[in-house]
Amino acid sequence: MFTIDMLDAAHGDCLWIEYGDPARPKRILIDTGPAATYEKHLLPRIQAVVDAEGECVFELFVVTHVDDDHIGASLRFLDELEPSVVRIKEIWFNGYFHLSDEIDGLMGPDQGEQLSELIRRGGWPWNRKFGHRAVMVPRQGKLRTFRFAGMALTVLSPTWEKMQALKKEWEKVIVEEGLVPGKAYAREETVLGGGFLGDDVELLAQVPFKEDKTPANGSSIAFLAEYDGKRVLFGADAHPSVLLESLEREPFKGEPQPVEAFKLPHHGSAKNLSVPMLEAFPAQRYLVSTTGARFGHPDPEALARLVVHRAGDDVVICFNCESDHNRDWAGADRRRQFGYRTEYGAPGEGLRVVID
């Protein structure tokens with residue numbers, strides 16, 4: 001078995017992965033969504049596993065980057081978990097001191113570093129497979145693949161350059177990403193979208209691509225996961241150019257990499273999904289995790305690019321919830337014209353995607 005539960009994490013990501021023996025599956029957790037996700041959805045899921053199995057074990061917990069919609073609930077999760085019944089075998093998270101060549105650099109402020117302090121205090125293995133240094137693409141040579149109880153993860157992002165871009169703006173980033181109490185949430189710059197171009201999907205697909213330049217998103221930990229011959233690209237909020245550059249490295253050598261599923265970067269933002277990305281990682285299912293709160297994701301331009309360039313391939317767009325920002329994509333005429341299907345999670349429950 002290989003399943004992905006996209007929990008209802010408001011405008012963020014909280015991805016619960018299970019694989020292996022259905023009676024006693026292995027688990028990986030990617031991000032936790034904003035703070036409210038913990039009590040509403042993550043804690044009940046953990047408690048259900050503890051009740052059924054006596055403990056909840058994560059082979060890996062990944063905090064992809066320092067955006068509140070990915071890291072927000074991590075603080076309570078790590079602060080309140082009971083180590084006797086909830087075990088984490090390894091944590092991947094790049095804190096401030098990972099942004100330096102020195103392993104014992106200065107600590108940065110607020111949520112990102114509160115999480116660092118919780119990890120240190122808890123004694124969890126932190127970036128162990130990277131020698132406790134940053135989780136990132138090697139500066140030279142072949143991409144690195146790591147195994148977690150049979151699940152192979154090939155890291156595609158971030159690069160050293162993207163990590164250094166974050167280092168230069170660390171304090172600014174944590175303010176803009178809403179990680180300082182009392183500070184306003186940064187407003188994302190919008191691109192010309194559906195409100196201006198109407199419902200013409202083909203016209204939306206022609207809107208010029210303008211890549212995301214934000215340092216926090218560029219520092220995202222993204223990877224290709226493979227279990228039992230089935231592959232999923234977990235895009236976090238990564239920059240498309242980084243993922244495409246990684247594809248040029250060994251073992252891929254520039255060859256397109258078909259996958260069973262592709263978790264769209266940045267909740268389907270127009271600045272994080274390009275046509276070359278769709279060509280490089282053709283998928284049967286495209287996963288979108290967001291309610292559309294805060295920033296109105298997914299952007300219509302991104303989904304238009306997807307359905308136009310994969311027209312007739314019978315792909316499935318999987319939304320973890322229905323919202324005003326994604327409902328139109330279920331329209332029968334539109335689905336028939338471009339030859340795709342849609343799936344939506346139930347309110348408050350998220351969506352389970354079976355990788356087969």
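Quick notes on this structure:
- Only residues that are within 17 Å of GLY33 (Cα to Cα), more than 15 Å from the chain's Cα centre (by Cα) and crowded, with 24+ Cβ neighbours inside 10 Å were counted across the stretch 286-320, and they come to 0.
- Selection within the stretch 213-227 - at pLDDT 90 or above, under 13 Å from PRO158 (Cβ atoms) and not in a helix (DSSP H, G or I): SER219, SER220, ILE221, ALA222, PHE223
- Listing of helices (runs of 4 or more DSSP H) fully contained in the stretch 123-204 that carry 3 or more residues being at pLDDT below 75 and aliphatic (A, V, I, L, M): 170-176
- Leading residue by the ranking (surrounded by the most Cβ atoms within 10 Å (Cβ to Cβ)) among those in the stretch 46-89 that are in a helix (DSSP H, G or I) and β-branched (Val, Ile, Thr): ILE71
- Among the residues of the stretch 314-347, the one identified as over 23 Å from GLU260 (Cα atoms) and either among the aliphatic types (A, V, I, L, M) or touching a strand residue (DSSP E or B) at 6+ places or on another chain (Cβ under 7 Å) (or both) is ALA332.
- In the stretch 31-45, the residues that are surrounded by 20 or more Cβ atoms within 10 Å (Cβ to Cβ) and either in a helix (DSSP H, G or I) or in contact with a Phe, Trp or Tyr (Cβ under 6 Å, 6 or more places away or on another chain) (or both): THR32, THR37, TYR38, HIS41, LEU42
Per-residue answers, yes or no, for (1) over 17 Å from the mean Cα position of the chain (by Cα); (2) of a type outside the set (S, T, N, Q); (3) over 30 Å from TYR96 (Cβ atoms):
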position	(1), (2), (3)
ASP5	no, yes, yes
GLU39	yes, yes, no
LEU43	yes, yes, no
VAL62	no, yes, no
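- Residue match in the stretch 243-257 (condition: assigned to a loop (DSSP other than H, G, I, E, B) and touching a Phe, Trp or Tyr at 6+ places or on another chain (Cβ under 9 Å)): yes
- Pick from the stretch 244-263, criterion more than 21 Å from the chain's Cα centre (by Cα) and among the acidic types (Asp, Glu), ranking: farthest from ALA222 (Cα to Cα): GLU255
Residues checked against (1) more than 17 Å from HIS11 (Cβ to Cβ); (2) among the hydroxyl-bearing types (Ser, Thr, Tyr); (3) without any contact (Cβ under 8 Å) to a residue 24 or more places away in the chain; (4) in contact with a His (Cβ under 6 Å, 6 or more places away or on another chain):
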| site | (1), (2), (3), (4) |
| --- | --- |
| ALA293 | no, no, no, yes |
| ASP299 | no, no, no, no |
| ALA302 | no, no, no, no |
| VAL308 | yes, no, no, no |
| ILE317 | yes, no, no, no |
| ARG327 | no, no, yes, no |
| GLY345 | no, no, no, no |
| LEU351 | no, no, no, no |
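The values are calculated or read from the model by the stated rules, or taken from the named source; none is laboratory data. As the structure is a computational prediction, the values presented were derived from the model and not from experiment. Cβ atoms come from the backbone with ideal geometry, glycine included; neighbour counts cover every protein chain shown.
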